[in-house]
Amino acid sequence: ELKAMSYVEQGRFDSAGYYFRQAEPDVEKKANPEGHYDFYKAYAYYFTKKKDFPQAIVYTTKAYRMGEQVNDLDWQAKTAQDLDSLYGVTGDYKQALFYNVRYHVLQDSLQELGRETELRKMEVENENQRQERLAREEEARVEHRHNIQYLGFTIGLVVLFILLVMLGWLSVPAGFIRALGFVSFIFFFEFIILLADKQIAHWTHEEPWKVLVIKIALAAILVPLHHWLEHKVIHYLSHRKKLARSNEIHSPA
């Protein structure tokens, strides 16, 4: 078929006809609807160039019927326009008028389908934009809620440490101070890990082994630091209370 079309363009119609005839049985047996349509159109074009208009009408009609078979309005419109011209050349004005009317009906249908397609496309785009806007609003709400929670955690942490320092001045058992200190520092370091999680996910693209390695390294730093700071602060507060009591005992009346 490709050779045939090439020979048509070169004006070598005998060679083109030979290869079209060679290709036709295979096309009829094996081709899909698009293959049939393309072949019939090409063969009709060959006959038109040869000015064998009756045969051109035969194959253009086959292409038109293929368009009807698969309900392809575009194929039908193109071949109806060709048949209008071919019947006009042969003097069959009745058939030419029929296909001329058919062509315009099909064109109107195609334009209507095009408008419907555009409307559906606009509806889909509007729906997508609405969904994106809702997603952004939901994301903003979630982020706002998270920010409020982070603020609450920060305030709670500050309050705990203030309370811990104040208890160092009061007559509170050392065991209670140690317990509150333990809770405060656990809260503090877990809060640090919570804040680091998002950045870790960004750095590692949530690849598990990378997350694990970074968290192990972070724990290796924070856990000893937690114990050291907790020990120092609790030791300081407990001893300051003892020192204050000792000063009271030894101070002159």
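The values are calculated or read from the model by the stated rules, or taken from the named source; none is laboratory data. Remember, it's a predicted structure, so these values are computed and weren't measured experimentally. Using ideal geometry, Cβ is built from the backbone for each residue, glycine included, and neighbour counts are taken over all protein chains shown. Heads up: the accessible areas ignore ligands, DNA and RNA and are worked out on the full protein's heavy atoms, side chains in. Shrake-Rupley method; radii C 1.70, N 1.55, O 1.52, S 1.80 Å.
Roughly how many percent of the accessible protein surface of the chain is carbon and sulfur, given a 1.4 Å probe and a whole-percent answer?
61
To the nearest 0.05, how large is the calculated FRET efficiency for ASP26 and ASN71 if R₀ is 25 Å and r is the Cβ-Cβ distance? It would help to have the intermediate numbers written out before the result.
Values: r = 26 Å, r/R0 = 1.02.
The calculated FRET efficiency here is 0.45.
Near LYS49, which aspartates and glutamates are there with a Cα under 15 Å away, not counting those fewer than 8 places off in the same chain?
Straight-distance partners of LYS49: GLU9, ASP14, ASP82.
Which length gain, in nm to one decimal place, applies between ASP197 and LYS51 when the Cα-Cα distance is subtracted from 0.36 nm times their residue separation? Before the final figure, lay out each step's value.
Numbers: separation 146, 0.36 × 146 = 52.56 nm, distance 7.81 nm.
Length gained, ASP197 through LYS51: 44.8 nm.
Between HIS231 and LEU157, what's the calculated FRET efficiency when r is the beta-carbon distance and R0 is 25 Å? Round to 0.05. Don't jump to the answer; show the numbers that get you there.
On the way: r = 19 Å, r/R0 = 0.76.
That pair, HIS231 with LEU157, gives E of 0.85.
Going 7 Å from the Cα of ASP108 toward and past its Cβ, which residues in the range 85-102 have a backbone nitrogen under 18 Å from where you end up?
Those under the cut-off are 97-102.
Enter the angle in degrees (range 0 to 90, nearest 10) between the Cα long axis of helix 208-250 and the first principal axis of the Cα atoms of the chain, meaning the one along which they spread out most.
Rounded to the nearest ten degrees, it is 20.
Say a paramagnetic label sat at a point 7 Å from the Cα of GLU9, along Cα to Cβ; which residues of the range 46-64 have their backbone N under 12 Å from it?
none
On a 0 to 90 degree scale, rounded to 10, what angle separates helix 33-49 from the longest Cα axis of the chain?
So the inclination is approximately 40 degrees.
Angle between the Cα long axis of helix 13-30 and the longest principal axis of the chain, 0 to 90 degrees, nearest 10?
Here the helix axis deviates by roughly 60 degrees.
May I ask you to derive the FRET efficiency for TYR18 and MET122 from their Cβ-Cβ distance with R0 = 35 Å, giving the value to the nearest 0.05?
Details: r = 52 Å, r/R0 = 1.48.
The pair TYR18/MET122 has a calculated efficiency of 0.10.
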